[in-house]
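Asker: The structure under discussion is supplied below as structure tokens; questions concerning it will follow.
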Amino acid sequence: MRIVVNEPERKSSIRLRDGRRFAWSEWGAKEGLPVLFCAGAATSGSLGFGVEHLDELGLRLVAFDRPGLGRSDPHPEKTLVSWSDDVREYLREAGASRALAVGFSQGAPFALALAGAGLVQAIGIVSGQDELAHPRIRRLLHPEVAGLVEAVEKDPRGFAEYFARIATSDALWNLIIDMSGTRDREVYAETNFSNLFQRALKEGFAQGPHGYVRDLVISLGPWPFAPEAIDVPVDLWYGRQDTSMVHSPDFGTTLASRFPNAVHVVDDNEGGSILWTRSKAILEQLRSRAANG
């Protein structure tokens, strides 16, 4: 299987008001409607998706390096609220009055935080990590994942210190492959895709493990916003062949029910890599939702 993933067409950064550098990669029309991409765990923004469809859809994919990953300076107390504040500064600097967002895997809560902060007009959640600490989801979790949620509740600092000692880009790549089913391994084994994915992980760890570990702690805790209060269109995309334990345990069914305005797609033939295998449909639907909103 050949998946189209290309080097970033442009890379840029700004200095935020507190002096930190905030960096991103771009593909597509320079003046296109921005799609703010919140990538998966520990990856920089250099691994995009659907890049061959952006020009025809009039979209510009903006893939951020979250603070502490890639080229973005760390935030000493990063939260989903501080993340939204950083993106708000980016939008102001870019002069963007409208934007869309996509969150993949661990990037899902970061993308939803943008919607909760009123920064985007529509959002796509793809193979998204659920609110794992929520009571309705918690009882569905694999015991190992439930244990991680409990550990963060009891001692977030100790949890972060432990994971910082063992987290590496190679270890995370091996974990991704080990948790993947046949469908996803077909995608991840493609040489160019594998090389760019692993490079994005290495870039994510370029400043050490702490940026990723902070994201992990954030993603295992309760969200500071209520999905029930997010009234912009939300598209949720899952593949039933996804065998990852850290995505949504019911393929987004509970999460979709919490949004007032949601479309929920579960493709029986796809896995967690649906972001790349059905990228055109994801972008087309997101673009149409924004146009109709």
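Asker: So in the range 258-293, with the set limited to residues that are open to solvent by 20 Å² or more (accessible area, probe 1.4 Å) and among the small types (Gly, Ala, Ser), which one is farthest from Tyr188 (Cα to Cα)?
Answerer: Residue satisfying both the conditions and the ranking: Gly293.
Asker: Are any residues in the range 135-168 open to solvent by 40 Å² or more (accessible area, probe 1.4 Å) and outside any helix (DSSP H, G or I), and if so, which ones?
Answerer: Arg139, Leu140, His142, Asp155, Thr168
Asker: Being part of a loop (DSSP other than H, G, I, E, B), open to solvent by 10 Å² or more (accessible area, probe 1.4 Å) and either of a type in the set (Lys, Arg) or over 19 Å from Ser279 (Cβ atoms) (or both) is the filter here; which residues of the range 42-90 pass it?
Answerer: Across the range 42-90, the qualifying residues are Gly70, Arg71, Asp73, Pro74, His75, Pro76, Glu77, Thr79.
Asker: Identify, from the list Ala99, Ala63, the residue that is at pLDDT 95 or above, of a type in the set (A, V, I, L, M) and under 27 Å from Leu172 (Cβ atoms).
Answerer: Unique residue meeting the criteria: Ala63.
Asker: Check whether at least one residue in the range 264-286 is over 18 Å from the mean Cα position of the chain (by Cα), of a type in the set (Lys, Arg) and at negative phi, and report yes or no.
Answerer: There is no residue in the range 264-286 that is over 18 Å from the mean Cα position of the chain (by Cα), of a type in the set (Lys, Arg) and at negative phi.
Asker: Considering each residue of the range 177-222, count those that are surrounded by fewer than 19 Cβ atoms within 10 Å (Cβ to Cβ) and outside any helix (DSSP H, G or I), and give that number.
Answerer: Summing the residues that are surrounded by fewer than 19 Cβ atoms within 10 Å (Cβ to Cβ) and outside any helix (DSSP H, G or I) in the range 177-222 gives 8.
Asker: Can I ask one more? Which residue, of Arg287, Arg240, Arg278, is touching a helix residue (DSSP H, G or I) at 6+ places or on another chain (Cβ under 6 Å) and of a type in the set (Lys, Arg)?
Answerer: Only one candidate passes the filter, namely Arg287.
Asker: Return the total of residues in the range 234-257 being in a loop (DSSP other than H, G, I, E, B) and either of a type in the set (A, V, I, L, M, F, W, C) or surrounded by fewer than 18 Cβ atoms within 10 Å (Cβ to Cβ) (or both). I'd like the intermediate steps shown before the answer.
Answerer: First, pick out the residues of the range 234-257 that are in a loop (DSSP other than H, G, I, E, B): 240-252.
Going one step further and asking which of them are either of a type in the set (A, V, I, L, M, F, W, C) or surrounded by fewer than 18 Cβ atoms within 10 Å (Cβ to Cβ) (or both), we end up with 240, 243, 245-246, 250-251.
Of the residues in the range 234-257, 6 are in a loop (DSSP other than H, G, I, E, B) and either of a type in the set (A, V, I, L, M, F, W, C) or surrounded by fewer than 18 Cβ atoms within 10 Å (Cβ to Cβ) (or both).
The values are calculated or read from the model by the stated rules, or taken from the named source; none is laboratory data. It should be emphasised that the depicted structure is a prediction, and the values quoted were computed from it without experimental measurement. Note: ideal-geometry Cβ built from the backbone for every residue, glycine included; neighbour counts use all protein chains shown. All accessible areas refer to the heavy atoms of the entire protein, side chains included, with ligands and DNA or RNA removed. Shrake-Rupley method; radii C 1.70, N 1.55, O 1.52, S 1.80 Å.
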